[in-house]
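Have a look at the structure below, then the notes.
The values are calculated or read from the model by the stated rules, or taken from the named source; none is laboratory data. Note that the structure is predicted; figures quoted are calculated from it, not measured. Because the Cβ atoms are built from the backbone with ideal geometry, glycine has one as well, and the counts that use them run over all protein chains shown.
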Amino acid sequence: MHGETVKREGETMRYAAILSAAVLALIPLLAWAEQGPSPEELAGKILEETGIKGGLIVHIGCGDGKLTAALGRREGFLVHGLEGDEALVEKAREHIKSLGLYGRVSVDLWRGDRLPYNDNLVNLAVVEADVDLDELMRVLAPQGVAYIKEGEGWRKVVKPRPKEMDEWTHYLHDASNNAVSHDLLVGPPFHIQWVAGPKWTRSHDHLSSISVVVSSGGRIFYIQDEAPRASVAYPPKWFLVARDAFSGVLLWKRPVGPWEGHLRGFRSGPADLARRLVAVGDRVYVTLGYGAPVTALDAATGEILKVYEGTEGACEIVYDDGVLYVIAGTVDPEEAAQAAARPFGPRPPTRMKRLMAIEAETGRILWTKHDEDTYEIMPTALAVSNGRVYIENTKEVICLDAKSGEVIWRSSRPISLRRPAWSTPTLVVCDGVVLSADRAAPKEAKGGRVEWIVTSRGGDAPPGELIAFSAETGERLWSCPCREGYNSPVDVLVIRGLVWTGNLVRARDPGITAARDLKTGEIKKQRPPDSKFYTIGMGHHRCHRNRATDRYIITGRAGVEFIDIETGRAIPSHWVRGACQYGVLPCNGLLYVPQHSCACYIEAKLSGFYALAPKRKGWSPIEVDSLGDQLEKGPAYDEVVGGWLEGGETEGDWPTYRGDPSRSGYTRSAVPLQLVQLWSKKIGGRLTAPVAAGGRVFVASIDTHTLYALDAASGEVLWSYTAGGRIDSPPTIYKGLVIFGCADGWVYCLRASDGELVWRFRAAPEDRRIVAYDQLESVWPVHGSVLVVNDALYFAAGRSSFLDGGIYLYKLDPVTGERLAARRIDSRDPKTGEEPRGVIKGTDMPGALPDVLSSDGESIFMRHLAFDLDCRPRKERIPHLFSPAGFLDDSWWHRTYWIIGTKMKAGWGGWWRVGNVEHSGRLLVLDGENVYGYGRTRYGNLLHIGLGNTRYQLFCASRQLMPPQIKTKGRRRVERSRVRYLWTRRVPVIVRAMILADKTLFIAGPPDILDMSDPAAPIEGRRGGVLRAVSASTGETLAEYQLKSPPVFDGMIAARGKLFISLMNGEVVCLGAGR
């Protein structure tokens, strides 16, 4: 091993230097009683001594896994064991499985001296093996702890938090409202740090599913609607969620509600929604619902510590120097009655506001101000700095003494009273100056009650004025023009003594281009318009405020753009987009990008809650020619390669995902209409779809990383194999071999007869793990379902062509594992390492996202992209079946669907076009002549299942499209549908699985029923399932059967006259002709 190891006796100069730079605490060795503690006792002692209360624990040298399991018994932890002995790895896995913990706790083989984790990821490393200290410090998160076994005791080493790293405790950074982080480590996104779900917010057309995100103490907190994405009509499920800021591990979550109406129109406010959550140190302050009081929670556990009496009706919270400043109020009865008539619509605004100062530790009310000064405090117009409180109402900016609440000064600042509900003044306090920016007020404005207009109309941003006041006296210092953003208040960012504001509502607008002296208003710095540096593409700015750090202004004109304040240069990332109405969060050295609901740049843009890191110093992508030896031979390798292979799969088998390389979902093998359940096998957990060949059925338990082989006749488990990460889709069976990809970045080949390893191939360019969707995965995962075409094996590893060097596409010999071809798909400019210039075309851009691959025998397809059989890109467009969201995306988000074509159009004006013209649906099945599908009757903006007349239908259509037909509507040219429907049917089933077996279409899913007491029950699997046989030629129902549970998405197959279905309850069932 290179360098010094922590178990080596004697500390060298190298070791001492590392300690001086990275160790905050070094405690004496901790001795135990002679008999030694139990694993549970030791785990408890480790957590007590280290003070780690949640996050990612890595146990290095985990042995039999008993301590590993004990560490993972507590909520709020994800635990990963590393062990160099394969026999001990298997023993540890079996032990953890026996406790029902596997997945949240897992073990993998440690293949070398390098730890397989991202930088700054691990919260606690329990070390019982030789580890290079440099390497240990690399993977520890700031404030992470290494607990190192030394003899009979343990040593504690703490990694310090860099001084250049900042938090973001309030919606607008801190109590001053200056949305500028002092974090010097945040930079343009280049690497993934972690990712969490759901992939999408619920609806583009309604209230954002993300209300606010803040961060403190190495954790992030956010309020999110977690109701099913399948329909925005389902009632909301709001939660306050806590995650570790560096690993993304879920720490806890707590229900929130009632909340703002989730069917409120998009980008329509309310402006104060994000002001209900603050995190400072080890405390979280929040209103857990509309009308609720302020509550203090333990940041580590979510436990309620205090409810602040007298704060009922709180709508804004600010914290400064141990004091909570709370704005609370009441609801106008008439406005409340109007809102009650619109369930889940806009809630009435808070009126008759009062401002309270409360001692955070005790709950003692220090003072309350409830008068004409506070009744109409404008949303977000409360700031605190240097012992003073600043508020802005409809006619004045007012300064109060923070200790007493007494008025120190007031300055006239009348505002417009009739305004969109998102529009509010921006009030910032910095270095002795108060900045107030707002749209222009009518000359006769004299204060009064605000008339809030709830509208989704975009771009209503008239000219305004930014006024600077003395924080000491209220004297007006200077003013300049300003302008609101696109359905967001004016951006006022004070960076290093300069005030940045700008004009960036529409694409033609220049951006934030001028910086003024904070004290005088004199322009001190100017930069060129954004269009000099990149093609904006989007017609308008995103619907949220912008933020900044001391190095960059971070805008959201089309995606995320970093503007270097020293050089003025802008670095765009159209493939990243923040949450509607909120945006992104720059702190902890990372860029946090919550979920969005946009279909712009859909073929390249990330979806999910991402934490993204800037480019690491000295990092460069690993080229294909430098990947080294990626193949590991297993015990069965010599026998298989030496000539032993089972016979090929028969025509009646279903050997791969959706039956064949084209992913058609069709088999010529007939299944009888009179069916009985032949067997049922409980596997447990989330299951993949099954595949079947050679008298065996193969299915994976996704979250326990385990592939099962079942006897097709009886359902008996023949063998199982546990890999190093999730297996998200079924394997491919080829000549008696079982081949599958894994989220650990490897591809595995097993012998079908006994599950013995033949070979495994490291598809990831290096072994580097992150936390993805609450488990450890490779930075470059591989989908479970690999592709075999013309006796060659294909798969892709990666997450985005813009992240971590891109996506690696491979061609292998499926028997030997030998690499035959490979390509790195990287969409960055090879010279600059940035997004290329000149590639943005409106809301479209080139890029790649991974998926289960498909093929027509001549080309390989990955979503919309096509490659030849040697992994070279093909320029010609070849129609094929694909999903812009990926085949495995089961969310049914309203702006995606499956397509038979070459490309999905993007953006507000494009995402629905292909769906209305070509073959599309939630599920599609193809035979030689026809397309069978389950999809919407119409696609369009503001059209949602469950709202209005849009509904699902089952259909059959000719594969041959009709010639294009254009009709004119006013000035618009609209293309008519080219689909020639042969029949359509409404069915009382939400079709989540569909196959065509000879001439019978089998559909399965939950019943399409409405239970007002639990509307989401069917889609979430609580109302059983229905299996229906339908005539492929007429759509007539031929038979129907009840299922104990709905199928998993796309989880039904037909093989040798039988149906095999993976159910949501963790069972696999087999139906066939009665004996």
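Given the structure, is residue 841 over 24 Å from residue 199 (Cβ atoms), surrounded by fewer than 20 Cβ atoms within 10 Å (Cβ to Cβ) and basic (Lys, Arg)? Outline the logic, then answer.
Details: over 24 Å from residue 199 (Cβ atoms): yes; surrounded by fewer than 20 Cβ atoms within 10 Å (Cβ to Cβ): yes; basic (Lys, Arg): yes.
Here the answer is yes, as residue 841 does meet what is asked.
Take the stretch 777-819 and flag every residue that is within 19 Å of residue 858 (Cβ to Cβ) and without any contact (Cβ under 8 Å) to a residue 40 or more places away in the chain.
The answer is 791, and nothing else.
How many of the residues in the stretch 792-806 are over 14 Å from residue 656 (Cβ atoms) and more than 19 Å from the chain's Cα centre (by Cα)? If you could, list the steps in order and put the result at the bottom.
Taking the stretch 792-806 as the starting set, the residues that turn out to be over 14 Å from residue 656 (Cβ atoms) are 796-806.
In the following step, the residues that additionally are more than 19 Å from the chain's Cα centre (by Cα) were identified as 796, 805.
Within the stretch 792-806, residues that are over 14 Å from residue 656 (Cβ atoms) and more than 19 Å from the chain's Cα centre (by Cα) number 2.
With the requirement that a residue be modelled with pLDDT under 95 and of a type in the set (Phe, Trp, Tyr), what does the stretch 390-441 give you?
Those that are modelled with pLDDT under 95 and of a type in the set (Phe, Trp, Tyr): none in the stretch 390-441.
Looking at 100, 81, 112 in this structure, which one is among the small types (Gly, Ala, Ser) and buried (at least 17 other Cβ atoms within 10 Å of the Cβ)?
Details: 100 fails: buried (at least 17 other Cβ atoms within 10 Å of the Cβ); 112 fails: buried (at least 17 other Cβ atoms within 10 Å of the Cβ).
Answer to the selection: 81.
Right, residue 48: exposed (fewer than 15 other Cβ atoms within 10 Å of the Cβ), in contact with a Phe, Trp or Tyr (Cβ under 8 Å, 6 or more places away or on another chain), under 26 Å from residue 218 (Cα atoms) and not polar (S, T, N, Q) or not?
On the way: exposed (fewer than 15 other Cβ atoms within 10 Å of the Cβ): yes; in contact with a Phe, Trp or Tyr (Cβ under 8 Å, 6 or more places away or on another chain): no; under 26 Å from residue 218 (Cα atoms): yes; not polar (S, T, N, Q): yes.
The answer is no for residue 48.
Residue check: is residue 1018 in a loop (DSSP other than H, G, I, E, B) and within 34 Å of the chain's Cα centre (by Cα)?
Details: in a loop (DSSP other than H, G, I, E, B): yes; within 34 Å of the chain's Cα centre (by Cα): yes.
Yes; evaluated as a whole, the condition is true for this residue.
Residue 824 fails exactly one of the following numbered conditions: (1) more than 26 Å from residue 889 (Cβ to Cβ); (2) among the charged types (D, E, K, R); (3) touching an Asp or Glu at 6+ places or on another chain (Cβ under 8 Å). What is the number of that condition?
Among (1) more than 26 Å from residue 889 (Cβ to Cβ); (2) among the charged types (D, E, K, R); (3) touching an Asp or Glu at 6+ places or on another chain (Cβ under 8 Å), residue 824 violates only (1).
Yes or no, residue by residue, for (1) in contact with a Cys (Cβ under 9 Å, 6 or more places away or on another chain); (2) within 24 Å of residue 270 (Cβ to Cβ); (3) buried (at least 22 other Cβ atoms within 10 Å of the Cβ); (4) outside the structural domain of residue 525 (by TED's automatic domain parsing):
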position	(1), (2), (3), (4)
458	yes, yes, no, no
461	no, yes, yes, no
478	no, no, no, no
482	no, yes, yes, no
500	no, no, yes, no
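Out of (1) out of contact with any Gly (no Cβ under 6 Å at 6 or more places or on another chain); (2) buried (at least 23 other Cβ atoms within 10 Å of the Cβ), the odd one out for residue 1039 is which?
If we test residue 1039 against (1) out of contact with any Gly (no Cβ under 6 Å at 6 or more places or on another chain); (2) buried (at least 23 other Cβ atoms within 10 Å of the Cβ), just (2) comes out false.
In contact with a Pro (Cβ under 7 Å, 6 or more places away or on another chain) and not assigned by TED's automatic domain parsing to the domain that holds residue 389: which single residue out of 165, 137 fits that description?
On the way: 137 fails: in contact with a Pro (Cβ under 7 Å, 6 or more places away or on another chain).
From the options 165, 137, the qualifying one is 165.
Tell me the residue from 838, 857 that is out of contact with any Phe, Trp or Tyr (no Cβ under 8 Å at 6 or more places or on another chain), farther than 30 Å from residue 642 by Cα and either in the same structural domain as residue 232 (by TED's automatic domain parsing) or in contact (Cβ under 8 Å) with a residue 12 or more places away in the chain (or both), please. Talk me through it step by step, then tell me what you get.
Details: 857 fails: farther than 30 Å from residue 642 by Cα.
Selected residue: 838, the only one of 838, 857 that is out of contact with any Phe, Trp or Tyr (no Cβ under 8 Å at 6 or more places or on another chain), farther than 30 Å from residue 642 by Cα and either in the same structural domain as residue 232 (by TED's automatic domain parsing) or in contact (Cβ under 8 Å) with a residue 12 or more places away in the chain (or both).
Residue check: is residue 433 of a type in the set (Val, Ile, Thr), assigned by TED's automatic domain parsing to the domain that holds residue 348 and more than 37 Å from the chain's Cα centre (by Cα)? Give the derivation first.
Working: of a type in the set (Val, Ile, Thr): yes; assigned by TED's automatic domain parsing to the domain that holds residue 348: yes; more than 37 Å from the chain's Cα centre (by Cα): yes.
Answer is yes for this residue.
Looking at 141, 175 in this structure, which one is on the phi < 0 side of the Ramachandran plot and not in a loop (DSSP other than H, G, I, E, B)? Before the answer, list the steps.
Numbers: 175 fails: not in a loop (DSSP other than H, G, I, E, B).
Sole residue among the options that is on the phi < 0 side of the Ramachandran plot and not in a loop (DSSP other than H, G, I, E, B): 141.
List the number of the failed condition for residue 946; all other conditions in (1) under 27 Å from the mean Cα position of the chain (by Cα); (2) farther than 26 Å from residue 227 by Cβ; (3) surrounded by fewer than 17 Cβ atoms within 10 Å (Cβ to Cβ) hold.
Looking at each condition in turn, residue 946 falls short on (2).
If residue 889 satisfies all but one of (1) modelled with pLDDT of 95 or more; (2) crowded, with 23+ Cβ neighbours inside 10 Å; (3) of a type outside the set (Lys, Arg), what's the number of the condition it fails?
Result: residue 889 passes all but (2).
Being touching an Asp or Glu at 6+ places or on another chain (Cβ under 8 Å), over 26 Å from residue 939 (Cβ atoms) and assigned to a loop (DSSP other than H, G, I, E, B): is that true of residue 978 here? Before the answer, list the steps.
Working: touching an Asp or Glu at 6+ places or on another chain (Cβ under 8 Å): yes; over 26 Å from residue 939 (Cβ atoms): no; assigned to a loop (DSSP other than H, G, I, E, B): yes.
So residue 978 does not fit the description; no.
Just one of (1) more than 24 Å from residue 771 (Cα to Cα); (2) surrounded by fewer than 23 Cβ atoms within 10 Å (Cβ to Cβ); (3) modelled with pLDDT of 95 or more; (4) not assigned by TED's automatic domain parsing to the domain that holds residue 931 trips up residue 662, so point out which.
The single condition residue 662 does not satisfy is (4).
Filter the stretch 234-258 down to the residues that are assigned to a strand (DSSP E or B) and of a type in the set (Val, Ile, Thr) and list them by number.
First pass over the stretch 234-258, keeping only residues assigned to a strand (DSSP E or B): 238-244, 250-255.
Selection gives 241 alone.
Does residue 979 meet the test of being at pLDDT 95 or above, among the aliphatic types (A, V, I, L, M) and closer than 23 Å to residue 888 by Cα?
Working: at pLDDT 95 or above: yes; among the aliphatic types (A, V, I, L, M): yes; closer than 23 Å to residue 888 by Cα: no.
Here the answer is no, as residue 979 does not meet what is asked.
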